[in-house]
1. How far is it, in nm, from the label point at Leu73 to the one at Asn54 when both lie 7 Å from their Cα along the line to the Cβ?
2. Kindly write out, for region 8-19 in residue order, the coupling ³J(HN,Hα) from the Karplus curve 6.51 cos²θ - 1.76 cosθ + 1.60 (θ = phi - 60°), rounded to whole Hz, with x marking Gly and Pro.
3. Got a sec? Charge dipole of region 2-79, +1 on Cβ for Lys and Arg, -1 for Asp and Glu; which of Leu76, Ala10, Ser62 is way out at the positive end?
4. For Thr66 and Ala96, what does the FRET efficiency come to when R0 = 35 Å and r is the distance between their Cβ atoms, rounded to the nearest 0.05?
Amino acid sequence: MEAEEAKSKAEEYLAASLAAAKEKDVELQCLRDREAGFLADLELAKKELLEEKNRADRAESSLAATEQARQDLIKLAEDSVKATKDALKELVLVLALDFDMSLLGAWKEIVDGQIVDPPPQPAQD
């Protein structure tokens, strides 16, 4: 009888151990599934981060190109204004050879932050 009780207790213990092991296996599988989900989310986040970095790099290069184009446009505008001013000066000198432009402030130039007279006109014979 004692042997049967011991056998019965051993079987119960074994059944309980198997049930606990199955529960642990289920828990372990749930944890593995969660880990796989987290790893997939991590890979997706890495991919999105890389795409955002690439987008930011493209935006920076576009900004640099736009800034360069703006600087080029400013330089072109400054050159155009100077060329127009010089052409007007030449036109006045051609149309009115004896016209004294030193009195007109519009014909003065700014050099190093100072207003200076235009270069002297060539002497007339």
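Only the coordinates and a few stated rules stand behind these numbers; no lab work does. Please read these numbers as outputs of a predicted model, since none were measured by experiment. So basically every Cβ, Gly included, is an ideal-geometry build from the backbone, and we count neighbours across all protein chains shown.
1. Each label point is offset 7 Å from its Cα along the Cβ direction, giving 3.0 nm.
2. Per-residue couplings from phi come out as 5, 5, 5, 5, 4, 4, 5, 5, 5, 5, 5, 5 Hz.
3. Leu76
4. According to the calculation, E is roughly 0.20.
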